[in-house]
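Engineer: Please read through the structure below; I'll follow up with questions.
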Amino acid sequence: MGITVEELRNYIKVMQGMYDVVRLVEPASCHVVKADPAEGALEGEKCYTTWGKCERCTNCTSYQATIRNRVQEKNEVRDGVECHVISLPVPTEKNGIRNNSYCIELVSYGKKASGSRENEILAVTGNNEDALYVSIVGNKRVSDEIISLSLLDSEIGLICFDEAGNCIYSNKQAFKMFHIPNELSKMQEFIKDWLIDQYIRNTSGVWSQYYSYEGSEYLYEVHQMVATTEHGNGILGSCIAVMNITDEALNTGGVKFRETHDALTGIYNQEGFYKSVRAAITDNPDEEYYIMCSNIRKFKLINQLFGMEKGDEVLKSIARNLEQWCVKGEIYGRTHSDEFVLFMKKKNFIQEEFVEAVRNVASLLDSSIYRLEFQIGVYQIANVREHIYEMLDKARMAMESIPDGKELTIAFYDDEMLSNTLRENEIINSFHAALDEGQFHIFLQPQVDKNGKLSGGEALARWIHPERGIIPPGMFIGVLENANLIYKMDRYVWELAARQLSLWKGTDKEKYRISVNISPKDLQFLDIEVVFSELADKYQIDPGKLNLEITETAVASNIGNCIEHMDHLRKKGFLVEIDDFGSGYSSLNLLKDFVVDVLKIDMKFLPTSKDHRRAEIILEHIINMAQSLDMVVIAEGVETKEQLQMLCKMGCNLFQGYYFSKPVDIETFEGYDGKIEQ
């Protein structure tokens, strides 16, 4: 056959060290095959006596493996311990006749199964310990030859690696499937590049993956099996079994694989998930189900920081982890981008186990500059007749209710979320009409010195609805930000501010400045340098009267681009303000690189500190530092006389807050006549 038992010795060693049970079986007759020194392969115990439950034969992995001539596997439970059973068909040849009568069964013992998951895995009982531990022993020569002949001519590609990841064996089919010369070094080099990613290298799993060669594309199913030490703290080696499922995928049920499966990860796409969930609910409509939706916060940063390939690796790894964690009957898929979905029985959902599994996935990318943060929405299906996309929408509502900044958060849907969503949709749907009809106005919050003398104000958007009156900013600002519409409103507010400055020209109000806010979305969707230059030209205003207020967060979102734009605008005469200085963690570093004219400090800085005096010292030094850098300091959020007196002692000379005035309409602002009496 062109291969000796000696050449396979390392492979056999890895295989036998990989599993708790390694045995040869003949599924057709339900026997374990034992090797006898004199008579060769002989029938041993009945297969079912090993497990103590003959009903297992109706769903026997080894029987299915020989019939289909492909690897089969499943989870079972024995004495409360999860067992993972893998059956590899081993074609043999006797008297020139080839048959598929044998299977190698590889059994691994896992963790103790929880009650709910144990019910979902085929229970296996019995006390025949001696039979359970039947391995391929006895006549080693006969056993090795059976294995070696079958592995050599198998239609399944088999590739084995030692604990260092070196390729130590590949059968002929593997070389043939990948069009590689019979050299282990070339196989190792190819597999390293082709396998999905480095994160699954040390874990067992099953997935589908495309292989392209000379314009043709093949779909291969890959089974990865890893051998660990007795205590699970070391790797002994690994083996992958590769099967060509291209024809099966194209022809099964008349539905092409690509129509229902995600090309990147091999798991269900949106269409496949919808169809499979609907079928599962139809089969058992009285069961209680959860449907879940997850995404990764700021996933695009992975592509920007580490490259598209790393982003794809993370997505593939998530799919592999889903395959390993889910049991029979649970349906999962990738609907788009970084959104993964999961359908399962409510009784199987154990939140602690689920959280632990997600945290394991989050550890796939361990970087000081980025960490995977998962947001997961869960919806308990209340009406099985709902469209699947409606169920997922409710899971998404729960997911989108989660605030940013938490590494892992799970939110459950409730009816209030639907009410909030309807309100948000109403705001979004009426937004453009509100712009066209002039329903948005600017209110100004005065900026004054310690005596109340006006120097200008900050422009704040107010939505005055013809029927509902003033809509509070908290009801629409966040909605417009999430809908990527905030830049349109900001652009409108800037126009109103520039128009107002133009109206004040030639009056006693001409001395006032108006500050307008620039958000991260504005930097993303608008060329702010062009917009503000055009506004100054259109209304013939002094750029120094229109202050541009930007937060640290907005600068940090695109620091290089933002600093460049702001520098150009400063050279054209605009004044630049940093808002909420000190709210970020890189404030001083930002100040070193970003030249601004005004520093705004929010008084929230003081009450949130545990050590009030310590905060006061820091605040005083910030004020002194800013003034040393020729920056004007405005204290924002001043609400009491005591705060005002303290800030005056520190050297602050401009103030904004409710102690002087709330945001007011233009008529009221003008009515102050240059000074606010305290």
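Engineer: So, in segment 197-246, exactly how many residues are loosely packed, with under 14 Cβ neighbours inside 10 Å and either at pLDDT 75 or above or basic (Lys, Arg) (or both)?
Structural biologist: Summing the residues that are loosely packed, with under 14 Cβ neighbours inside 10 Å and either at pLDDT 75 or above or basic (Lys, Arg) (or both) in segment 197-246 gives 6.
Engineer: Could you look through segment 485-500, keep only residues that are in contact (Cβ under 8 Å) with a residue 40 or more places away in the chain and among the hydrophobic types (A, V, I, L, M, F, W, C), and pick out the one that is farthest from ASN429 (Cα to Cα)?
Structural biologist: ALA498
Engineer: Moving to a separate point now. For segment 536-579, how many residues are within 24 Å of ALA635 (Cα to Cα) and of a type in the set (Lys, Arg)?
Structural biologist: So the answer is 2.
This table checks each residue for (1) in the same structural domain as LEU342 (by TED's automatic domain parsing); (2) within 32 Å of the chain's Cα centre (by Cα); (3) not hydrophobic (A, V, I, L, M, F, W, C).
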site: ILE402; (1), (2), (3): yes, yes, no
site: GLN445; (1), (2), (3): no, no, yes
site: LYS453; (1), (2), (3): no, no, yes
site: ALA461; (1), (2), (3): no, no, no
site: PRO472; (1), (2), (3): no, no, yes
site: PHE476; (1), (2), (3): no, yes, no
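Engineer: When residues of segment 295-313 are filtered for being touching a helix residue (DSSP H, G or I) at 6+ places or on another chain (Cβ under 6 Å) and either among the aromatic types (Phe, Trp, Tyr) or touching a residue at least 60 places away in the same chain (Cβ under 8 Å) (or both), how many remain?
Structural biologist: Total meeting the criteria: 1.
Engineer: Considering ARG371, ARG468, ARG462, which residue is charged (D, E, K, R), at pLDDT below 90 and within 26 Å of VAL493 (Cα to Cα)?
Structural biologist: Just one listed residue meets the conditions, ARG468.
Engineer: Picking from VAL516, VAL448, which residue would you name as being free of Cβ contacts under 8 Å to residues at least 60 places away in the same chain and aliphatic (A, V, I, L, M)? Talk me through it step by step, then tell me what you get.
Structural biologist: Values: VAL448 fails: free of Cβ contacts under 8 Å to residues at least 60 places away in the same chain.
That would be VAL516, the only listed residue that is free of Cβ contacts under 8 Å to residues at least 60 places away in the same chain and aliphatic (A, V, I, L, M).
Engineer: Kindly list the number of the only condition in (1) part of a strand (DSSP E or B); (2) in contact with a Ser or Thr (Cβ under 9 Å, 6 or more places away or on another chain) that fails for VAL516.
Structural biologist: All conditions are met except number (2).
Here's the yes/no breakdown for (1) hydrophobic (A, V, I, L, M, F, W, C); (2) closer than 23 Å to ILE518 by Cβ; (3) loosely packed, with under 12 Cβ neighbours inside 10 Å; (4) modelled with pLDDT under 90:
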position: ASP580; (1), (2), (3), (4): no, yes, no, yes
position: GLY584; (1), (2), (3), (4): no, yes, no, yes
position: MET603; (1), (2), (3), (4): yes, yes, no, yes
position: MET625; (1), (2), (3), (4): yes, no, no, no
position: VAL633; (1), (2), (3), (4): yes, yes, no, no
position: MET646; (1), (2), (3), (4): yes, no, no, no
position: TYR658; (1), (2), (3), (4): no, no, no, no
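Engineer: Let me ask you something else. Looking at ALA433 and the list (1) within 29 Å of the chain's Cα centre (by Cα); (2) more than 30 Å from LEU575 (Cα to Cα), which single condition is not satisfied?
Structural biologist: The failed condition is (1).
Engineer: I would also like to ask the following. Quick one: in segment 501-535, which of the residues that are crowded, with 21+ Cβ neighbours inside 10 Å and over 43 Å from the mean Cα position of the chain (by Cα) is farthest from VAL632 (Cα to Cα)?
Structural biologist: Within segment 501-535, the match that is farthest from VAL632 (Cα to Cα) is LEU501.
Engineer: Something else about it: Inspect segment 520-527 for any residue being among the acidic types (Asp, Glu), at pLDDT 95 or above and in contact with a Lys or Arg (Cβ under 9 Å, 6 or more places away or on another chain) and give the result as yes or no. Break it down into steps so the answer makes sense when it comes.
Structural biologist: Here is the first cut: in segment 520-527, the residues among the acidic types (Asp, Glu) are 522, 527.
Checking which are at pLDDT 95 or above leaves us with none.
No, segment 520-527 contains no residue that is among the acidic types (Asp, Glu), at pLDDT 95 or above and in contact with a Lys or Arg (Cβ under 9 Å, 6 or more places away or on another chain).
Engineer: Out of all the residues in segment 434-443, which are part of a helix (DSSP H, G or I) and either surrounded by 15 or more Cβ atoms within 10 Å (Cβ to Cβ) or not assigned by TED's automatic domain parsing to the domain that holds LYS488 (or both)?
Structural biologist: The initial filter retains those residues of segment 434-443 that are part of a helix (DSSP H, G or I), namely 434-436.
ALA434, LEU435, listed by residue number.
Engineer: Of TYR658, TYR672, which residue is free of Cβ contacts under 8 Å to residues at least 40 places away in the same chain and more than 23 Å from ARG614 (Cβ to Cβ)? Give the steps one after another, and end with the answer.
Structural biologist: Details: TYR672 fails: free of Cβ contacts under 8 Å to residues at least 40 places away in the same chain.
The unique qualifying residue is TYR658.
The values are calculated or read from the model by the stated rules, or taken from the named source; none is laboratory data. None of these values were measured; they are calculated from a predicted model. Here Cβ is always computed from backbone atoms with ideal geometry, including for glycine, and neighbour counts include all displayed protein chains.
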